[in-house]
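See structure below.
The numbers here are math on the coordinates, done by the rules we state, and not lab data. Nothing here was measured: the structure is a model prediction, and the numbers come from that model. Cβ coordinates were reconstructed from backbone atoms using ideal geometry, including for glycine residues, and neighbour counts include every protein chain displayed.
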Amino acid sequence: MTDLAAPQVLGSPALDAFLERARTRLRPTPPGPQDQTANPPAAPPRGDHDLEPDVLEAALARPPRLAAVLVPVVPRDDGVSVLFTVRASHLRDHSGQIAFPGGKIDPADPSPLAAALREAEEEIGLDRAAVTPIGYLDAYLSGTGFLVTPVVGLVAPDARLSLNPHEVAEAFEVPLDFLMDVANHALHSREWRGRQRRYYAIPFGERYIWGVTAGIVRNLYDRLRDADG
């Protein structure tokens with residue numbers, strides 16, 4: 001299940017504008033595990049090192065662990081939104097943080113797309129038949145050594161969710177226009193492994209989108225923005 005298909009959702013001006021840009025500016029095929037084509041030749045993939053270059057050496061100290069996430073885009077009557085999850089508070093890693101549905105690519109997964117759809121179904125009960133893949137963002141290398149393939153998919157507006165409480169505490173949507181406004185992208189910092197580290201953050205009301213998730217949103221912005229923006 002790796003082919004991209006034409007979305008079968010009734011259009012709106014906001015949705016049509018998004019799809020027009022997405023079809024031409026997103027990657028039509030997933031980046032490979034060591035792909036370097038998203039940046040200048042010989043450059044690493046996108047990642048935490050965009051802001052903290054010294055993180056790259058540690059991230060590449062061992063072969064990356066492959067993962068995939070779904071960036072779910074949902075057409076609504078008042079515009080287009082993006083679906084996020086809040087990770088369950090009892091999880092060992094990244095508990096309570098805002099994320100996209102996704103996780104490690106299993107050996108049985110035939111592709112990053114298959115992994116992202118499987119994880120979305122397991123985490124939030126999103127039927128894969130309700131998702132139309134649109135394209136891919138650049139691979140994102142986290143400081144902890146995960147190489148994440150983000151899959152952008154259009155979700156049917158009437159799709160029902162059933163959250164897995166063992167993994168997800170909440171699901172919520174943010175207007176795409178808000179996410180694509182660079183004025184809402186902040187640079188914050190906190191201590192990590194003995195030193196201050198900078199990272200992207202996108203506060204949204206009481207929500208705090210940061211780290212890898214905010215970095216992926218930033219890549220979506222970079223892909224969809226006007227060339228002279």
Practice task
Enumerate the amide H contacts of ARG65 below 5 Å, restricted to partners 5 or more residues apart or on another chain; note that Pro and chain-start residues carry no placed amide H.
Solution key: PHE146, LEU147
Exercise for the section: Calculate one ³J(HN,Hα) per residue across the range 66-81 by plugging θ = phi - 60° into the Karplus curve 6.51 cos²θ - 1.76 cosθ + 1.60, and present them in order as whole Hz with x for glycine and proline. Expected result: 7, 9, 8, 10, 9, 9, x, 9, 10, x, 10, 4, 9, x, 10, 10
Exercise for the section: Would you mind checking which residues have amide H under 5 Å from GLY153's amide H? H placed 1.01 Å from N; only 5 or more apart, or other chain. Expected result: VAL71, VAL73, ILE134
Problem - Karplus 3J(HN,Hα) series, Hz, for the range 100-106 with 6.51 cos²θ - 1.76 cosθ + 1.60 (x for Gly, Pro) - result: 9, x, x, x, 5, 7, 7
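Once the piece of chain linking ARG23 and GLU57 is laid out straight, how much longer is it, given 0.36 nm per residue of separation minus the C-alpha distance between them?
8.8 nm
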Fill in the blank from the handout: Simple SL model, points at 7 angstrom along Cα→Cβ for ASP78 and ALA186; separation in nm is 2.3 nm
Handout entry: Amide H within-cut-off set for ALA139, under 5 Å, with H built and near neighbours excluded
Key = ARG46
Fill in the blank from the handout: Note, the range 161-172: 3J(HN,Hα) by Karplus (6.51, -1.76, 1.60, θ = phi - 60°), whole Hz, Gly/Pro = x, goes 10, 9, 6, 7, x, 6, 10, 10, 8, 8, 9, 8
Handout entry: Two-site label geometry, ASP106 and ALA169: point separation in nm, points 7 Å out along Cα→Cβ
Key = 2.6 nm
Fill in the blank from the handout: Given 74-83, 142-151, 155-164, 215-224, the highest-first ranking by average Cβ count within 10 Å works out to 142-151, 215-224, 74-83, 155-164
Completion exercise
Place a point 7 Å from the Cα of ARG195 in the direction of its beta carbon; the residues of the range 45-81 whose amide N falls under 14 Å from it are 49-59
Problem - For the range 72-177, the fraction of alpha-carbon pairs in successive 10 Å shells from zero, as % - result: 15, 47, 35, 4, 0
